[in-house]
Amino acid sequence: MKKSFQPKNLELRYRTYYSVLTIPKDVRVQLGKSRFFETTGTGNLQLAQSITIKRVIKWKSEIESVRNNNEHPIIKSSLELQRMEKNEKSVTKKQLIREIIDEESQRIEQEEGQFMSSIFNSVVNNESKVLREYLEPWKNHQIKRQITQKSIDQMYNDVEKMISYIPTSNLLDSSITIKWIKLISVNENLTPSSVNRVITSCRNFYKFLQFIEVIPENSVTPFIVPNEYKISKNPNSKSINKKEMWVPFEDREVVNLYQESVKKDDQTLSDLILIGCYTGMRIEEICSLKKNDVLIDENFLKVVNSKTHAGIRTVPIHPKLKPRLKKLLEINEDEYILPNLTFNKYDDRSNSIGKRFGNLKKKLGYSDKKVFHSIRKTVTTQLENSYVNENITADILGHEKPRITYGQYSGGTNIKVKLDSIKKISYDFSKTEKSPIELKLELDKKYQQRQHSTKSNKKPTPTKKTTRKTASKSEKLT
């Protein structure tokens, strides 16, 4: 007995055909059902098949549009329809897909507006590229460039925000990008520095698109900082926003910070401050310093983990720092000089101790412009005031050489010259220094005492009545 023929994606019920398509399990939750099911309104098989072919194409497009919830459904739908039209060999089916594209374009324009309709048409007709498709290649490009993971993650988040608003390459126009940056700056309450950071990330992505020839290489970047968010580095500038520069701690302030960390019984923080003030090393350079990087007999430390190429260097051990380093090598069972610090997700050990330093200096009343990096500025200031050559200072601190001759041709300052220079750094730890809060309290107390003393010593002026009585007595005596 022959089996009855069952047309694909069709079910016959009560002499009427229904279009059907089973929904894959991975998208059933998002679509809220297990299959598409809709009447064709006819019992004519040939007509029902014609109607169903168009429906199935559209349904499959919907399925693909929800598979990646980071992509806008209209973008995903347009990509899927574009792929179907490109891969379809049947002329008849190609015409059907084109009809669906035209219908979908009209629907989007009616329901979503002309802007979304233009995006749909530009993608489905291959007139523009979907920017999200280039996010991962761009990210991999940054990894190859050896950009830090923390920086890559921040840039990725910034660019992803932009793509959610500007999804296609044809929209990369300054008239649109400026509206976008002003919109998110208000909605997310961004500071001028955050706005500048976001724009820098987007410019980086734009350059990558030029590099892979998605957009013309000679095109001008549409990512421009609006005037109200521009930041001037010049403190005398008339600009609304001025860049806040970190300032160095005074020598006595470094002493105070060290003494207060000792009072708090935070030995690791005390050691961090001590190493920083005698070497000028960055906080993460100190926290990543291992025991085998400390060569006591050779009088230098090896910095092998730094944010810049110039940061990979040898730093002389100051005579005042040497005893403490020796002690740390003896008592510490950790492989690192500063023990018991945990790694964050970017493999940095400085995160928690950096916060401890921040909390300490804030409680003591130090300015927001003074951070741990300010100790590095203190060291630089001391070296400059001791007339140390700028090239030697650059080699100690791990900076690029300021001039081309030493920067490109010199092999670097030797350890003896650097040691002679670093010996000029000095602090008076024998003297107890006071914090800004203590100094302010003292000043307030002296002011109150002076005010009280002035009031006590002030003689009362005689009243007019007293003067008249005194005069009348004198007249009587006369």
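Values as computed for the structure displayed
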{"quantity": "Those residues of region 135-178 which are more than 30 Å from residue 344 (Cα to Cα) and loosely packed, with under 12 Cβ neighbours inside 10 Å, in sequence order", "calculated": "173, 175"}
{"quantity": "Those helices (runs of 4 or more DSSP H) lying entirely in region 337-438 with at least 2 residues under 22 Å from residue 303 (Cβ atoms) and of a type in the set (S, T, N, Q)", "calculated": "351-363, 373-385, 390-397"}
{"quantity": "Test: residue in region 190-202 that is hydrophobic (A, V, I, L, M, F, W, C), out of contact with any Pro (no Cβ under 8 Å at 6 or more places or on another chain) and either touching a residue at least 60 places away in the same chain (Cβ under 8 Å) or in a loop (DSSP other than H, G, I, E, B) (or both)", "calculated": "yes"}
{"quantity": "Filter pass, residue 111 being under 23 Å from residue 171 (Cβ atoms), at pLDDT 85 or above and loosely packed, with under 11 Cβ neighbours inside 10 Å", "calculated": "no"}
{"quantity": "Matching residues, region 250-297, being among the aliphatic types (A, V, I, L, M) and outside any helix (DSSP H, G or I)", "calculated": "281, 289, 294, 295, 296"}
{"quantity": "Qualifying positions in region 165-182 - over 23 Å from the mean Cα position of the chain (by Cα) and of a type in the set (S, T, N, Q)", "calculated": "168, 169, 170, 174, 175"}
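Conditions tested, residue by residue: (1) over 21 Å from residue 434 (Cβ atoms); (2) surrounded by 13 or more Cβ atoms within 10 Å (Cβ to Cβ); (3) among the β-branched types (Val, Ile, Thr).
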| residue | (1), (2), (3) |
| --- | --- |
| 345 | yes, no, no |
| 349 | yes, yes, no |
| 355 | yes, no, no |
| 360 | no, yes, no |
| 367 | no, yes, no |
| 371 | no, yes, yes |
| 380 | yes, yes, yes |
| 385 | yes, no, no |
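Residue-by-condition table, conditions (1) under 20 Å from residue 340 (Cα atoms); (2) β-branched (Val, Ile, Thr); (3) surrounded by fewer than 18 Cβ atoms within 10 Å (Cβ to Cβ); (4) in contact with a strand residue (DSSP E or B) (Cβ under 9 Å, 6 or more places away or on another chain):
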{"site": "274", "(1), (2), (3), (4)": "yes, no, no, no"}
{"site": "308", "(1), (2), (3), (4)": "no, yes, yes, no"}
{"site": "313", "(1), (2), (3), (4)": "no, no, no, yes"}
{"site": "319", "(1), (2), (3), (4)": "no, no, yes, no"}
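The values are calculated or read from the model by the stated rules, or taken from the named source; none is laboratory data. None of the values given here were measured: they were computed from a predicted structure. Cβ sites come from the backbone with ideal geometry, for glycine too, and all protein chains shown count toward neighbours.
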